[in-house]
Every structure is written in structure tokens, then in C-alpha cells.
Amino acid sequence: MTVSVFGLGYVGCVTAACLARDGHHVIGVDVSTDKVAMINEGRSPIIEPDLEPLLRRLAREGRLRATTDAHAAVQDSEVSLICVGTPDVGHGQPDLEALLRVATAIGQACIGRTAPLTVVVRSTVLPGTNDLVRERLMSAATANGHAPDIRLASNPEFMREGSSIRDFDHPPFVLIGSDDANTVAVLRSLYASVNATVVETAIRTAEMIKYVCNCFHALKVCFGNEIADLCDALGADAQEVMRVFRLDRKLNISEAYLTPGFAFGGSCLPKDLRALLCVGRINAVEVPILTSILPSNEGQIRRAVESVLQHRKKRIGVVGLAFKPDTDDLRESPMVTLVETLIGKGCDIRILDPSVVMARLHGANKQYIETEIPHISSLLCDSVAGLVEHAEVIVIGATCVEATEVLAARRADQAIVDLTRGALAAPGAIREAPVWAAS
């Protein structure tokens, strides 16, 4: 294909070079005459390993050229990639000026165009930004009343400076955000030479994923450094601690604990986190990330309570009481805290958790239930029908068979608060997102 790449910084320059190397004809577009001249001369405008010899070869072969003429570049293109920067203008707000200026230029170049054009936003942008780009594109392109066929996709990059060519060739995945099958097909063809799985999502999902990845990377760096600070204070070898930590690919470096849901609890996580926080205070070691975990967890419970109370109903049915499914352990269960808070607000509660019902009769938690939370024991029911009959609001706090059965048996007048955030799929069930979830 013939591809125009707008913005010849790190992302645009490397993307343009790699696409040209892989067989496409690429036109780089930038407002900087210096960058354009360097690309046309086969010189790299950025410092990046292996990029300059590649640019030199591509310029010699005529597979990559650059221009300041956006209109001419779009006229010759089947695909236009937007790779301009979105710097912070203050308080975290991204600067979209260059992005929207490029969208306007592309739209103007499409006036009177008959062939379809696929416009791809490769810049890092917040969810909803592609909607603004679409508006700007169509506003500029329909100046004469004719609406050309412009197709839009989100395609965030996952390249690191210093290894960007290698990362282009071997990314974690090729992410395509689009609701149009033809657009997805074009991008699959564009990246056919890239050695990675193609992941198709909605546009806003694709926009969000790049931010989630980068924030998690930042979190990991700071987590490792806070652990190192504690290791230094306690005489442990920080490098060895984290080396062994990384060996656990079942729970630590894995998908475990990264599924959206409700708060954590149980006999281990809260206790051990408090222990590290305590030893940090004793040794005057500041660990702000670790310190923020328990308040964040408590915030999930508060918002869940608000989600239930907003319905202004008193009869509440709760599915799941233990701190996680398939256990009867109620120690520091966030569901217990949720129930006790709702009781304190005057709610009439019924609870369905088969494991806890059995524990009430003869399990290891029998004594804990009788001594610590006897009032909750009296609220347990042993059937789906009993819970559904009682409830005006149903709270799903566990991913279990009983939860699915409750959702299938619910009445049309019953509200659902799903604390699993959609982890359960019940055909025909209309679930309501928690109040803190984005609409």
C-alpha cells in the first residue's frame, strides 16, 4: 500500500521506516523542513539504534520520501497514520492541537476524493479523542457537501526509545481499535510482516489500553524501588529479593489478580501489607505506593455501598460472603464489611453463599461466625428462590453458579449491582455497572 505518516518524531519516523522496509511505499509528512530534508537524504532526525542505515537504504531505493505538503501526501495514499505528539499542557491534560490540525489537513485533502481513505491514530490519546478526530476529519472533508469515505481506527504503538525497531517487529500485540471490518482488514494487511498477535477491540478500549500499560509500567518501577528501600532498612538483598519474586510466573508476573472485580480481603493480604507498613514506619522508610493500597481497597467498599444505597430500597439480597469464591473464609472479607455497613444503614439483608452456609453448620469458620459475626449468621439463606423472593436489590459479589442462577431468576423490577464488573455472563440479564464505573 501507499501510506502517509504524519509526524516524523520517534513514533512516526520508526513506523515510516519499518513499513517502507516491509514493502509499502511510505510518504512521511512533517511541518519541519529540517526533518523532511534529513529523511529525503537518508539521515535520521532522531538517535535510535539501526535507524539511520535503514533510512539511507530506503531513501536510495525510493521506498520512503518525506514532504511538508499534507495535501499531496494524502492524495497519493490509501492509509494515513497520525503519529504526532500529545504533550502535557499542564495538570495532565494532553495537548491535542497538532493532532486536530493534522486531522483537519487530512480532511481537507479528501474533498472530492472518491477512493476510501483509512485514517489511523497511532498517537497516545485518551478515550474519546478519536471521536474528536472523526468530527474534525468529516467537518473539513465535507466543506463542499460531499462526504468522502473516511474510515477511522485507533492503533496505539508499543515501542520503546532505544529498541523501537525491535519493538515494532516484535510488539506484545498489534492493537486495532475499530468497529468496521474493512478497516480492520486494511490494518491487518498493513502489519502483515509484524510477528505478533492482532487484537481487535472497540476504539475507546484501544485508546485506554496504551495508558493502562504505561501506568502499570510506572507502578512496577516504583513498587520495585519501594521494596528495595524496605530491603535496605531490614538488611535484605533487594536485587535477590526481586530476582526471586520475578521467578513466580504463576501469581507474580502473570494474569493473576489483574481481573477487574471487588476489593481484596482474606487472612493474608491485609495482614501482611500492614506488617510491611508497620516495619516501614519503625524504620522511617516512606512507601507511598504500599501505603495507598489499603485506602484504595477501602474506597472500593465505600463505593459499593453507595451503589446499593442509591436505589433507596431496603430489602437487599447478597450473593457471596467469603472473601473469594470456593472458600468459607470470612476473615477480613470485604463482603462482610459491605453487609455490616448496609445493616447499619437500616437495610434488610439476605445472603446466599453455600460454602458459608456449610461452615455455619460444621466448617472451620463455625466458631468465627458464632463469635465474631453472629448477626450475619442469621441472615444466611440456603436457596436461590429465597434470596430472589426477598430482594429488591441484588448484589453480585461472587462468580459462582448460584450467582448465575440468581441473575437468571431475577424479576424485572429488581436492580442489580454487579461487583464482579461483568465477570458473569447471564443470558438476558440486564446488569447495572457500579456507580463509579464509566458509562
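The values are calculated or read from the model by the stated rules, or taken from the named source; none is laboratory data. Everything quoted here is computed from the prediction, not taken from an experiment. Cβ sites come from the backbone with ideal geometry, for glycine too, and all protein chains shown count toward neighbours. What goes into the accessible areas is simple: the full protein's heavy atoms, side chains included, and nothing from ligands, DNA or RNA. Shrake-Rupley method; radii C 1.70, N 1.55, O 1.52, S 1.80 Å.
For region 265-286, how many residues meet the condition of being of a type outside the set (Lys, Arg) and not in a loop (DSSP other than H, G, I, E, B)? Show your work before the answer.
Step one: filter region 265-286 for residues of a type outside the set (Lys, Arg), giving 265-270, 272-273, 275-280, 282-286.
Next, only the ones that are not in a loop (DSSP other than H, G, I, E, B) stay: 269-270, 272-273, 275-280, 282.
Residues flagged as of a type outside the set (Lys, Arg) and not in a loop (DSSP other than H, G, I, E, B) within region 265-286 amount to 11.
Of all residues in region 100-155, which are over 18 Å from Ser178 (Cβ atoms), out of contact with any Leu (no Cβ under 7 Å at 6 or more places or on another chain) and of a type in the set (A, V, I, L, M)?
Val102, Ala105, Ala109, Ile111, Ala115, Ala140, Ala141, Ala143, Ala147
With the condition kept exactly as written, say whether any residue in region 233-244 is surrounded by fewer than 16 Cβ atoms within 10 Å (Cβ to Cβ), under 26 Å from Phe168 (Cβ atoms) and either aliphatic (A, V, I, L, M) or in contact with a Leu (Cβ under 9 Å, 6 or more places away or on another chain) (or both).
Looking for residues that are surrounded by fewer than 16 Cβ atoms within 10 Å (Cβ to Cβ), under 26 Å from Phe168 (Cβ atoms) and either aliphatic (A, V, I, L, M) or in contact with a Leu (Cβ under 9 Å, 6 or more places away or on another chain) (or both), one finds none in region 233-244, hence no.
Restricting the search to region 378-393, which residues are small (Gly, Ala, Ser) and surrounded by fewer than 16 Cβ atoms within 10 Å (Cβ to Cβ)?
Filtering region 378-393 down to residues small (Gly, Ala, Ser) leaves 378, 383, 385-386, 391.
Result: Ser378, Ser383, Ala385, Gly386.
How many residues does region 141-184 contain that are of a type in the set (S, T, N, Q), over 19 Å from Val125 (Cβ atoms) and either open to solvent by 60 Å² or more (accessible area, probe 1.4 Å) or part of a strand (DSSP E or B) (or both)?
Total satisfying the criteria: 2.
Pull up region 419-433, narrow it to residues that are surrounded by fewer than 18 Cβ atoms within 10 Å (Cβ to Cβ) and in contact with a Ser or Thr (Cβ under 9 Å, 6 or more places away or on another chain), then point me to the one that is modelled with the highest pLDDT. Explain how you work it out, then say what you get.
Initial filter on region 419-433 (surrounded by fewer than 18 Cβ atoms within 10 Å (Cβ to Cβ)): 421-423, 425, 427-430, 432-433.
If we keep only those that are in contact with a Ser or Thr (Cβ under 9 Å, 6 or more places away or on another chain) too, we end up with 421, 423, 425, 429, 432-433.
Working: Arg421: 89, Ala423: 81, Ala425: 60, Ala429: 36, Glu432: 40, Ala433: 39.
For region 419-433, the residue satisfying everything is Arg421.
Within the set of pairs 6+ apart or on separate chains, which have a first residue in region 394-418 that is open to solvent by 30 Å² or more (accessible area, probe 1.4 Å), a second that is part of a strand (DSSP E or B) and not small (Gly, Ala, Ser), and C-beta atoms under 9 Å apart?
If the second residue must be part of a strand (DSSP E or B) and not small (Gly, Ala, Ser), the pairs left are Cys400/Val319; Glu402/Val319; Glu402/Leu352; Arg410/Ile394; Arg410/Ile416.
Are there any pairs, at least 6 apart or on different chains, whose C-beta atoms fall under 7 Å, with the first in region 279-296 and modelled with pLDDT of 95 or more and surrounded by 10 or more Cβ atoms within 10 Å (Cβ to Cβ) and the second acidic (Asp, Glu) and in a helix (DSSP H, G or I), and if so, which?
Val285/Asp229; Val287/Glu226; Val287/Asp229; Ile289/Glu226; Leu290/Glu226
Return yes when Ser333 is touching a strand residue (DSSP E or B) at 6+ places or on another chain (Cβ under 9 Å), under 23 Å from Val388 (Cβ atoms) and of a type in the set (Ser, Thr, Tyr) and no when it is not. Explain how you work it out, then say what you get.
Details: touching a strand residue (DSSP E or B) at 6+ places or on another chain (Cβ under 9 Å): no; under 23 Å from Val388 (Cβ atoms): yes; of a type in the set (Ser, Thr, Tyr): yes.
For Ser333, the condition - touching a strand residue (DSSP E or B) at 6+ places or on another chain (Cβ under 9 Å), under 23 Å from Val388 (Cβ atoms) and of a type in the set (Ser, Thr, Tyr) - is not met.
Tell me whether region 351-358 contains one or more residues that are touching a Gly at 6+ places or on another chain (Cβ under 8 Å), charged (D, E, K, R), surrounded by fewer than 19 Cβ atoms within 10 Å (Cβ to Cβ) and touching a residue at least 24 places away in the same chain (Cβ under 8 Å).
Within region 351-358, none of the residues are touching a Gly at 6+ places or on another chain (Cβ under 8 Å), charged (D, E, K, R), surrounded by fewer than 19 Cβ atoms within 10 Å (Cβ to Cβ) and touching a residue at least 24 places away in the same chain (Cβ under 8 Å).
Could you look through region 199-231, keep only residues that are in contact (Cβ under 8 Å) with a residue 40 or more places away in the chain and of a type in the set (D, E, K, R), and pick out the one that is surrounded by the most Cβ atoms within 10 Å (Cβ to Cβ)?
My answer is Glu207.
I need the full set of residues from region 96-138 which are closer than 18 Å to Gly7 by Cα, among the charged types (D, E, K, R) and not in a helix (DSSP H, G or I), in order please.
Arg122
How do the pairs read when you match residues in region 185-198 that are within 19 Å of Ser164 (Cα to Cα) and in a loop (DSSP other than H, G, I, E, B) with residues anywhere that are modelled with pLDDT of 95 or more and open to solvent by 60 Å² or more (accessible area, probe 1.4 Å), using Cβ under 6 Å and keeping only pairs 6 or more apart or on different chains?
Taking only residues 6 or more apart or on different chains, the pairs are Asn195/His170.
Tell me which of these Leu137 doesn't satisfy, since it passes every other one: (1) surrounded by 13 or more Cβ atoms within 10 Å (Cβ to Cβ); (2) at positive phi.
Failed condition: (2).
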